[in-house]
Amino acid sequence: MHMATVLTINGETKSFDAPPEMPLLWVLRDVLGMTGTKFGCGIAQCGACTVHVDGKAVRSCVLPVSAVENRAITTIEHVGSTPSGAKVQKAWLDLEVIQCGYCQSGQIMAAAALLAATSHPDDSDIDAAMAGNICRCGTYVRIREAIKQAASGRQS
Amino acid sequence: MSGKMRILTSLVVIAIVVVALGVWIIRGPGPLDFAGGPKVALADYRAGKPTGVPAKLEKASLVERGEYLAKAADCMVCHSKPGEKDYSGGLGFKLPFGTLYSTNITPDKDTGIGNYSDQDFLNAVQRGKRHDGARLYPAMPYTSYTTMTDEDVLAVKAYLFSLPAVRAKPPENTLSFPFNQRWAMIFWSAVFNPDTRFAPDTSKSPEWNRGAYLAEALAHCGECHTPRNLGFALDNRKKFAGAITAGWRAFNITSDKATGLGNWRDEDLISYLSVGHAPGHGSASGPMGEAVDHSFSQFAPEDIRAVVAYLRSVPPVPSPDLPATTAPVAPASHKDGVTADARGKQMFASACASCHGWSGESPVSPMATLTGTWAVNDPAATNVAQIVLSGTKRHTPDGALSMPAFGNAYSDDEIAAVANYVTARFGTKGSKLTAKDVAELREQTAE
């Protein structure tokens, strides 16, 4: 028997039963059926599970739900309705960044958090913010270009 | 007596005096000598009850009382190997002269302590003497447990004997000569084991006396936090001033304001001991994390307060290698603050920043905040390197928070680079670890 956990996800209040130590990623995918956020390594080393907590990019696979009660969680399903998320998604489509796509919801979440904090990132800002998001297809060059395009607002 | 005989006799006498004086100087004061007040035998102490279990367990069964005391003495952490049955032994302690394995203390008759009589058990716990007469190595902290009352030791025995017997033989020790000569411990024990039971100090409060009993006889704080003397026994001239144990630094827990616990609030200490975290001071990891999980977190609240009251009274001893104040929050941008060590920075960006943040204040949980911790303010970076190598998992009332172990994923060179970057960015003075230092730290951790 667990106390009902209440989280605020994408502006909506969600209530469910889960042990307090269950990682947020498990709650999102298995309890709430929000499968846009991906499982990669499970130890915060690949970035596939990135979500926003209070606007900051964090790895949901090592984050117990008890740590995020009363905090604003945003996932890939909703990030398009934030200003930086919308810009990032458009640039991603314009430049056709994605190859297999598995890591890309994490990449987009990390890029959107970067732009929200640093509106005109240079290469070193992109390195610092994106180094923890791994892409095995090697889309890094297009990711960098898309972040710059999203920041500049220019069209391709 | 001839002249020659007289000279020889004088030389022998002088030699004996010199050795005795040397032993006396090396041995130094006992763990409670700093308190200085008059001591009375426990039976004559009326002001309170410093030994035994807290009030809520007074009426509990012998086994339940023993369970509380066994947890307070933290028997399990050393006598269990991760993945194996509790108390079945086999945990390896890597020493410079070989590896020592903990024993099975389940009631199995062949491989455990099933044949121990009450007197056998008292001899082992209070005097370091095994059932077969052989001597224990002081990795078993019997010089601390010797202060426990017979009643409490036997309650622990009753608890251990209530557990399922596990058939498990620990590996043979691999100590090299002369350390493999167990009999030599007779002399060590004669010098360094006081073999006396707890005697309350009437000049102190009942709470202090309870705290002293818990911290000294049971929790054996000094075994990690007090530096060792030439004889590898505790040097109580620097009581609780900090030391390296099992490859981790046990920090200064004297009342020193700058580098000890002097500026911690009572609630910080209570929180650190009971849940393994105090805001602004970091989280317990490594051996202290285990002590919190298996021992302190099980203490009754009044016992935690008694330990805190006792710790407050330990005379200040500064740690000269630590800064007088810990470093403030680092800049929010990766561009500001420390910029040297490109490799360390790259490691931090890819492996650490998503949980610890560029400022050191974690976006995830206060438990993962680096700012203010001694680990990042220690210019030797011992615990930073250790936690990167072996990770941590803390169980709090709100659930578990963990850090992955990176020891198998990164090279010694990379771990040194990230530790040097982390101490430079979030501490007062960057460390200068090399790959060789990290390799040595790997060697020392118990497994």
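Looking across B:GLY391, B:GLY357, one residue alone is crowded, with 21+ Cβ neighbours inside 10 Å, facing chain A (nearest Cβ under 10 Å) and on the phi > 0 side of the Ramachandran plot. It is B:GLY357.
So that you can scan it fast, the table gives a plain yes or no per residue for (1) loosely packed, with under 12 Cβ neighbours inside 10 Å; (2) at pLDDT 95 or above:
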residue: B:ARG6; (1), (2): yes, no
residue: B:VAL17; (1), (2): yes, no
residue: B:THR111; (1), (2): no, yes
residue: B:SER117; (1), (2): yes, yes
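Being touching a Lys or Arg at 6+ places or on another chain (Cβ under 9 Å), within 30 Å of B:PHE296 (Cα to Cα) and not charged (D, E, K, R) is the filter here; which residues of region B:391-447 pass it? Hits for region B:391-447 are B:ALA400, B:LEU401, B:SER402, B:MET403, B:GLY407, B:THR423, B:GLN444, B:THR445, B:ALA446. Looking at B:ALA306, B:ALA291, just one residue is more than 14 Å from every other protein chain (Cβ to nearest Cβ), of a type outside the set (Phe, Trp, Tyr) and under 30 Å from B:GLU447 (Cβ atoms), and that residue is B:ALA291. Scanning region A:1-22 for residues that are within 14 Å of chain B (Cβ to nearest Cβ) and either within 19 Å of A:ALA110 (Cα to Cα) or among the hydroxyl-bearing types (Ser, Thr, Tyr) (or both) returns a single hit, A:THR5. All of (1) touching a Lys or Arg at 6+ places or on another chain (Cβ under 7 Å); (2) buried (at least 22 other Cβ atoms within 10 Å of the Cβ); (3) more than 10 Å from chain A (Cβ to nearest Cβ); (4) in a loop (DSSP other than H, G, I, E, B) hold for B:LEU370 with one exception: (1).
Residues that are among the hydrophobic types (A, V, I, L, M, F, W, C) and within 14 Å of B:ALA70 (Cα to Cα) number at least 2 in the following helices (runs of 4 or more DSSP H) confined to region B:92-203: B:118-127, B:150-161. Given the conditions (1) touching a residue at least 12 places away in the same chain (Cβ under 8 Å); (2) surrounded by fewer than 22 Cβ atoms within 10 Å (Cβ to Cβ), report the number of the one that B:TYR272 does not fulfil. Of the numbered conditions (1) touching a residue at least 12 places away in the same chain (Cβ under 8 Å); (2) surrounded by fewer than 22 Cβ atoms within 10 Å (Cβ to Cβ), the odd one out for B:TYR272 is (2). Taken together, B:SER350, B:SER333, B:SER319 contain a single residue that is hydroxyl-bearing (Ser, Thr, Tyr) and out of contact with any Gly (no Cβ under 8 Å at 6 or more places or on another chain), which is B:SER333. Out of all the residues in region A:1-9, is one or more in contact with a helix residue (DSSP H, G or I) (Cβ under 8 Å, 6 or more places away or on another chain) and outside any strand (DSSP E or B)? No, because not a single residue in region A:1-9 is in contact with a helix residue (DSSP H, G or I) (Cβ under 8 Å, 6 or more places away or on another chain) and outside any strand (DSSP E or B).
Assessment of region B:375-382 against the conditions (assigned to a loop (DSSP other than H, G, I, E, B), surrounded by fewer than 20 Cβ atoms within 10 Å (Cβ to Cβ) and within 11 Å of chain A (Cβ to nearest Cβ)) yields no matching residue. Which residue is farthest from the other protein chains (Cβ to nearest Cβ), if the candidates are limited to region B:400-428 and must be surrounded by fewer than 20 Cβ atoms within 10 Å (Cβ to Cβ) and over 25 Å from the mean Cα position of the chain (by Cα)? The qualifying residue farthest from the other protein chains (Cβ to nearest Cβ) is B:THR428. Only one of the listed residues (A:ALA48, A:ALA57) is under 30 Å from A:GLY153 (Cα atoms) and either at pLDDT below 95 or more than 9 Å from every other protein chain (Cβ to nearest Cβ) (or both). That residue is A:ALA48. Being within 23 Å of B:HIS334 (Cβ to Cβ) and either within 14 Å of chain B (Cβ to nearest Cβ) or touching a Leu at 6+ places or on another chain (Cβ under 6 Å) (or both) holds for only one residue in A:GLY106, A:GLY85, and it is A:GLY106. Only residues that are facing chain A (nearest Cβ under 9 Å) and either within 30 Å of A:SER66 (Cα to Cα) or touching a Lys or Arg at 6+ places or on another chain (Cβ under 9 Å) (or both) were counted across region B:325-346, and they come to 4. Entry remark, region B:302-346: residues being surrounded by fewer than 18 Cβ atoms within 10 Å (Cβ to Cβ), aliphatic (A, V, I, L, M) and touching a residue at least 40 places away in the same chain (Cβ under 8 Å) number 3 in total.
Residues in region B:129-153 that are touching an Asp or Glu at 6+ places or on another chain (Cβ under 7 Å) and either closer than 16 Å to B:LEU91 by Cβ or crowded, with 20+ Cβ neighbours inside 10 Å (or both): B:PRO141, B:SER144, B:THR146, B:THR147.
The values are calculated or read from the model by the stated rules, or taken from the named source; none is laboratory data. It should be emphasised that the depicted structure is a prediction, and the values quoted were computed from it without experimental measurement. Glycine also receives a Cβ, built like all others from the backbone with ideal geometry; neighbour counts cover every protein chain displayed.
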